[in-house]
1. Does any residue in region 299-311 that is free of Cβ contacts under 8 Å to residues at least 60 places away in the same chain and closer than 24 Å to Val324 by Cα come within less than 8 Å, Cβ to Cβ, of a residue that is open to solvent by 70 Å² or more (accessible area, probe 1.4 Å) and part of a loop (DSSP other than H, G, I, E, B) six or more places away or on a different chain, and which pairs are these?
2. Hey, can you tell me all the residues within region 226-254 that are open to solvent by less than 30 Å² (accessible area, probe 1.4 Å) and part of a loop (DSSP other than H, G, I, E, B)?
3. Hand me the list of strands (runs of 3 or more DSSP E) wholly inside region 749-800 holding 1 or more residues that are touching a residue at least 24 places away in the same chain (Cβ under 8 Å), surrounded by fewer than 15 Cβ atoms within 10 Å (Cβ to Cβ) and not charged (D, E, K, R).
4. So for region 423-431 (the condition being open to solvent by 10 Å² or more (accessible area, probe 1.4 Å) and free of Cβ contacts under 8 Å to residues at least 12 places away in the same chain), does at least one residue qualify?
5. Given (1) polar (S, T, N, Q); (2) more than 22 Å from the chain's Cα centre (by Cα); (3) surrounded by 21 or more Cβ atoms within 10 Å (Cβ to Cβ), where does Gln419 come up short, assuming only one miss?
6. Applying the selection to region 508-525, what residues are in contact with a Ser or Thr (Cβ under 8 Å, 6 or more places away or on another chain) and farther than 17 Å from Glu573 by Cα?
7. Give the residue that is farthest from Asn84 (Cα to Cα), with candidates limited to residues of region 695-713 that are assigned to a loop (DSSP other than H, G, I, E, B) and under 26 Å from the mean Cα position of the chain (by Cα).
8. Being among the basic types (Lys, Arg) and buried (at least 23 other Cβ atoms within 10 Å of the Cβ) is the filter; apply it to region 607-661 and report the residue that is modelled with the lowest pLDDT.
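The values are calculated or read from the model by the stated rules, or taken from the named source; none is laboratory data. This is a predicted model, so every value here is computed, not measured. Glycine gets a Cβ as well: all are built from the backbone with ideal geometry, and neighbour counts include every protein chain shown. Side chains are part of the model used for accessible areas, which takes the heavy atoms of the whole protein and leaves out ligands, DNA and RNA. Shrake-Rupley method; radii C 1.70, N 1.55, O 1.52, S 1.80 Å.
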Amino acid sequence: MPPHPHRLGLAIALAFASPAIAQNTPPETTSTRLDTVEVSGQVLDRRDLLQQGETNSVTGFDLSIKDTPRAVTSVSAELIDLLNIRDLNDITTLTPGTFTSSFFGVAGSIDIRGTPGENYFRGVRRVDNPGNIPTPIAASDRLDIVRGPASPIYGPSKIGGYVNFVPKSARAESGAYLDKSVGEVSFTTGSWDRAVLEAEYGYKFNADATPVGYYLYGLHENSDSYYRNDGTRQSVLQAAFDSDINERTRVEFGVQYHNYHGNQNAGWNRLSQELIDNGTYLAGTPLLNLDSDHSGRLSQAEITAAGGLSAFVFAPGLTTAGPVASFGPNGANAVFALDPASVHQVQLSRKNVLIDPEDFLATDTTTAYFDFHHALNNGVQLTNKLFFDSLDTELQNSYGFSQVIDTWVLEDQLIAAWQWDASPNVQADFEFSPSVRHTRAKLAEDFLFEFLDRRDLSQGPSANDRIETAGLFDSAQFINDLTTDYTDYGLAALSNVTLYQRWHALLGLRYDVLDIQSRQARSATAGDAGQQASDTDSGLSWTASLGYDLTDTIRPYVTASTQRTVITGQGGEVSLANVELGALNASRLYEAGIKGNFLDGRLFTAVSAYRQTRTNFSSQNLSTNTSTRGKGIELEVRYVVSDWLSLIGNSAWQDVINTNISAGGQFAFFNPADSGIAPENSFGGTVSGLIDGRNKRSGIPDRVSSLTAIVKPTDILEVFATVTDVAAMPSGFSGVVRLPGYTVVNLGSSVSIGQFEVQGFINNLFNERYFRANASDLFGSNLVLPERPRSWTLRLRYRF
């Protein structure tokens, strides 16, 4: 769908049409927040739009965004708050190349440059979280979104990129402790009974004459949902401490705990182009009732006794269950058919999704860190980073999927950093870092009796489509029950050399040795039950960047990088097959770009072009780390026009293809248009096979653009409008269903009087009807997530 100019014009007009407020309003009250207020060209950058601070999230060195030879965007907590960024999926409005397909409705991590990304916490990689728990971005002081694999100093990483979360801290941007206590309490309400309570407080105290800064943050949410049978119950507790032991020694430590109870949202099933275009859904219940013991649900034994409900297409017109002609109410495969008397077409509400009132997703995460900084007499800075992260998940979906995850990681990095001024024309920074990271991952899952299309969403769950799943019913067994232990021993070295004040060369090397063992439990039903595999793998990563200062404010750069990545599953586990094939794979990046500050520093622009590839294809995981090759162009513009007007724009054009297509095609679950079996004859079960003739990654648009205008007409009022335009895309790997492009407009305003603030937001102002692909490589032709209609949010805040 092309963009809507009239909507853009109306949105901007509404943003400017603020209420008439007298110009002699009281002066703005001094804020007690940890705001970064830069003065550039005599214009205030209240929300740190121009990204003028330094970050080490990309290279390991403290560099400004302009001077960093990689595509990166930094988003401040103030900007997240002002624009009502609710979860990671909303980051698209601020960062090019971050459009994300749905992972069953849970925003655990984002896709970056068309491939799954990762989450980092203060520069250390967290446990994999594709969709186990929504990542709590409100607890962050800043988000750094890095496009492309991580620097070698940070260890193995995925090719797409990562988001580095910088938690709220007891130090101001200048590095000094807070000179007075700061705090706030807020309550957020909105559509569908949203209720979120947040509180934060920071200050310092003296412990035996040693200053200790602290910052505490808490969140509790108890909200319903637009979707039926859905809701969110979660709590986040976070504490950060910072102390100068003496002039040379400093420590930082903290913890974050997150408890979440909600659901995975598979969205709409029985997908067709007619359903997408017009909302017309094929209703109907299965012909045969398989609940022979009248227990109110189907056991795995009952499904097996009926001959099974899964078929694999191995040749045109032929399946493992029989020829295509045998499917139907009068055929040998009548168990797959819907009852002809019940089949009819209905208009399906977007609220009706594949969630049972009995379904749940319960997850706990605990993240802790302890950093020790010490300056030696010879000028060497020593930093030891100790990091712990755990993920404990239990998931139950009554359409036949369950999962239990118990994973933790412990990592220690020692970093030695020093400077060398060889001459007035040669300066260099160096870092040397040995590290060790141990991961203990345990995942048990039951998916062999997963039937997504069996349930009629217009009717809701029934005894004939509720499946007994492992972990909740003794009659069911996990197909996989994997435990993986692996230790990564790494050694990295980095240098950043400046020549003649103009040339900048960044070079890095890292060598990893991965000692890994995986075990499949004897109780699992997989073919490798009771077996184990072990291996020691190793690999070299490197990066090389060259930049040149055309002027003091314009720097082009080129970067080439090869980075190792560990191929893991949804819980951080590694399958026995991937251990044997080699779990430590490689990816390669080529990137060129130019960044600049213009108009007295009020305008920041960045353009980058890239090509990135997974170079080893020995192993992959379709849901978390696919083998891909991508190329694209990204544009980012941030402009502080005046004290009352700021603009943010970004756009990305990308092409992503899957590169490790097996002989005959890529495995996927079939749409009736793929299998050749009529929908009413196959929706009672599941049909899968190999899709041949395509390699383009599905669920990812070729183009996404966004424009944001922030207006501050008076000291107490701030208004914004955001327009995001997304191109059409195939929903699944076969491309038989195509999701239309769309344009979404969001509005918001903030009124601050003294210590009080009121914020109001309208999302999807024009009530655009649009969709997001769901687990697109596997289920994209079967499932789609209908996005929410127009909604409102109101936030009340008191600062003290």
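1. Sorted first by the residue in region 299-311, then by its partner, the pairs are Glu302/Ser292; Glu302/Asp293; Ala305/Ser292; Ala306/Leu288.
2. Correct list: Tyr226, Tyr227.
3. 756-763, 791-799
4. Scanning region 423-431 turns up at least one residue that is open to solvent by 10 Å² or more (accessible area, probe 1.4 Å) and free of Cβ contacts under 8 Å to residues at least 12 places away in the same chain.
5. (3)
6. Gly508, Leu509, Arg510, Tyr511, Asp512, Val513
7. Among those residues, the one meeting the criterion is Asn695.
8. Arg614
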